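All remarks here apply to the structure that follows.
Only the coordinates and a few stated rules stand behind these numbers; no lab work does. All of these numbers come straight from a predicted model, not from anything done at the bench.
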Amino acid sequence: MRPLTERSWLGLLLLPATLVGQGRGMELHLGRWYNGNRADVYEIRTSSPVGGALTHGFGASALVNDSLGRRRAFYGLGYELQAGRGRATLGPYALTGVALGLSTDPATQELAAQWSVGGGVEWRPVGWLALGMEVRYRLEDRGPRGFWNPRSDARKGVSAGIGVSLGGGRKEG
């Protein structure tokens, strides 16, 4: 594999500005999933308006617990629908989403879907920058069988996180 050149690095640095110019937002969220194993949550997402108060986005998630040498994790890609986001300087929003990926345990790896529903509040001091907090209920459906019919050992619980978002907000006058 060839090392990145100066042009490649410049392209990577300008990617957020390019997405913001297209009306998309870039987000980074860090948090904790309190489901009995206290996993760390890492999410990178993009978002764009659908119409009215709705936005939708795609993202990558990693939920990792590495306590006592026993690694339990979920790595996946997902889709999310958000309502009420980016419309006010300070305001609440609701969200729901699903991610498909790999659930790992000390002994097994399985295909899994992670379903989530929750809400948050964001502060948008300028139209292109937001800081926020989110709380979600997550259900990791190993198999997957559907959130309506999870296995008895399904990982589930509440997660909380903080995030920063570039772009995707109200337009400045």
- request: Using 0.36 nm per residue of separation minus the Cα-Cα distance, give me the extension gain between V135 and S152 in nm, one decimal.
  value: 3.7 nm
statement: So L54 and V164, fully extended at 0.36 nm per residue minus their Cα-Cα distance, gain in nm 37.7 nm
